[in-house]
1. Those residues that are within 11 Å of another protein chain (Cβ to nearest Cβ) and over 15 Å from residue A:269 (Cβ atoms), I need them from the stretch A:228-242; list them, please.
2. Name the residue, out of B:167, B:177, B:132, that is in contact with a helix residue (DSSP H, G or I) (Cβ under 8 Å, 6 or more places away or on another chain) and more than 14 Å from chain A (Cβ to nearest Cβ).
3. Does residue B:280 satisfy the condition of being within 11 Å of chain A (Cβ to nearest Cβ) and either surrounded by 18 or more Cβ atoms within 10 Å (Cβ to Cβ) or more than 20 Å from residue B:103 (Cα to Cα) (or both)?
4. Looking at (1) at pLDDT 90 or above; (2) over 30 Å from residue A:161 (Cβ atoms), find the lone condition where residue A:61 falls short.
5. Select from the stretch A:239-271 the residues that are in a helix (DSSP H, G or I) and within 11 Å of residue A:87 (Cα to Cα) and list them in ascending order.
6. Residue by residue through the stretch B:155-164, note down the ones that are touching a residue at least 12 places away in the same chain (Cβ under 8 Å) and either assigned to a helix (DSSP H, G or I) or within 7 Å of chain A (Cβ to nearest Cβ) (or both).
7. Return the total of residues in the stretch A:199-238 being loosely packed, with under 14 Cβ neighbours inside 10 Å, in a helix (DSSP H, G or I) and without any contact (Cβ under 8 Å) to a residue 12 or more places away in the chain.
8. What helices (runs of 4 or more DSSP H) lie completely within the stretch B:211-315 and have 3 or more residues being in contact (Cβ under 8 Å) with a residue 40 or more places away in the chain?
């Protein structure tokens, strides 16, 4: 360690190189900062929200922004700032769970489809194409129509909608590495398909999967808000940005009721988009270096 | 040549279309517990259940139900609404034109804004104007449709009073009133789409303008305007068209929420109301029509691409 010559090239893993690029790009830093604030709000909501998000202030019904209520109050006299902060919880939770589930199941399907090939691959890809033919929101609506409008079902619906995309990305990757020498070497020493897939191919495709997940996250957030907006998400009084906007539609004069929750969605989506784009850029730049 | 291509594309599409119908059909099978309970609620009488069961054909095996349902749709019978008893086909006939009108108007708007903006940005690459347009596009894509619609209503309907926020009238009764009611909804979807079209145009133009034939055109003294539009843009239209075609699904998803905000009685509202009333034939009919529309547009885009670009046709 101590006698390592300074002239030796620094060996960094591709993951580190990507992260370094990400955190030195303005887009990445902005995106990460926005996400950081969101996660901070979501986790610490009970401590940083000035009021209880469901507490009703009878003598402050629909008040415009003031010193006590920075974002104003809604039609029931609840503090909008506190509701916006708590709203980050539901939205982030839905995004993390749905994209997480889609990532796990989709990757597994893609691994199997790409590695096994043949009829299995054909059948899986046909079903994949059929699901991809549904506009995302329409498919989510169909699933919620069947299982009923609840938070869990919203998560499941958004997960299902995203599974084919992950399956497709992973399958494409598997097809391109399946014949590589390192896979052949693993096979030659007698490893079974499961071990080859999980220990040798999975690490190889994981970079692309993570980048894809970050790109899908903003679409998941918009779908969640759209479902809540249509009244097909979380039940009141739990605050969500989408349902706050739906309520605001009945009170056009109270502009603060529609401006702040909408801004929250806008900034969150922007943060996720920046993060996704910067990750993709960093990954492509790192790959073209090697 | 083209006929063979068409046949091949259609034969590729057929299995996908069949699986789509099967997935939509599965909605009724997948209903948790007894579907009649899910539809009628807990306190329906056994008699009511029996009537519904018969009406939905639930007493028959699933495979038979599927074939009957598929056959019905093929002959224009989409079943009847459980809530109103109206044939779903009649409801669709009234609502499809509204959604199609909204989609087409939004698309036109997106192209009218997106392509010139993309060309403008690409020909001034790296300038302040380019950065500004790209920033605007990125922001526009992060605004969810429903919020954009609300902001437009607040500004143009509530504050300025220039345009209505609702009040749809059919085109054949009052064309002017119809278009007036469609302006804000089309802007809602059109501007977000325009951002996508702009980004695509810009990227394609930046690539094309680097190519040799552009240099040749410049060298032989073609006017700069002509180089950009006749030589450059023309070669970009194919990838741009493809992206627009592939975005049709997103656009229709946007139409669903937009119709809700502006009280347009289109397909989207029909589906959402159908979900609230647990009116499955209506939801299924609406979804099938939308997905088939998306598949059809994708097919047309695909064909247009192959016909417009000889390189694709020959490969």
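The values are calculated or read from the model by the stated rules, or taken from the named source; none is laboratory data. All values reported here derive from a predicted model rather than from experimental measurement. Neighbour counts run over all protein chains shown; Cβ positions are idealised from the backbone, glycine included.
1. Initial filter on the stretch A:228-242 (within 11 Å of another protein chain (Cβ to nearest Cβ)): A:228-232, A:241-242.
Those that are within 11 Å of another protein chain (Cβ to nearest Cβ) and over 15 Å from residue A:269 (Cβ atoms): A:230, A:231, A:232.
2. Numbers: B:177 fails: in contact with a helix residue (DSSP H, G or I) (Cβ under 8 Å, 6 or more places away or on another chain); B:132 fails: in contact with a helix residue (DSSP H, G or I) (Cβ under 8 Å, 6 or more places away or on another chain).
Among B:167, B:177, B:132, only B:167 is in contact with a helix residue (DSSP H, G or I) (Cβ under 8 Å, 6 or more places away or on another chain) and more than 14 Å from chain A (Cβ to nearest Cβ).
3. Values: within 11 Å of chain A (Cβ to nearest Cβ): yes; either surrounded by 18 or more Cβ atoms within 10 Å (Cβ to Cβ) or more than 20 Å from residue B:103 (Cα to Cα) (or both): yes.
Taking the combined requirement at face value, the residue satisfies it.
4. If we test residue A:61 against (1) at pLDDT 90 or above; (2) over 30 Å from residue A:161 (Cβ atoms), just (1) comes out false.
5. The first filter runs over the stretch A:239-271 and keeps only residues in a helix (DSSP H, G or I), leaving A:241-248, A:255-271.
Residues satisfying the conditions are A:241, A:242, A:243, A:244, A:261, A:264, A:265.
6. Start the filter on the stretch B:155-164 by keeping residues that are touching a residue at least 12 places away in the same chain (Cβ under 8 Å), which leaves B:156-157, B:163-164.
Within the stretch B:155-164, B:156, B:157 qualify.
7. Quick first cut of the stretch A:199-238, residues loosely packed, with under 14 Cβ neighbours inside 10 Å only: A:199, A:203, A:235-237.
Subsequent filtering for residues that are in a helix (DSSP H, G or I) retains A:199, A:203.
Narrowing the set further to residues that are without any contact (Cβ under 8 Å) to a residue 12 or more places away in the chain leaves A:203.
Adding up the residues that qualify gives 1.
8. Numbers: elements: B:212-219, B:234-246, B:248-261, B:267-276, B:280-308, B:310-314.
Answer list for the stretch B:211-315: B:234-246, B:248-261, B:267-276, B:280-308.
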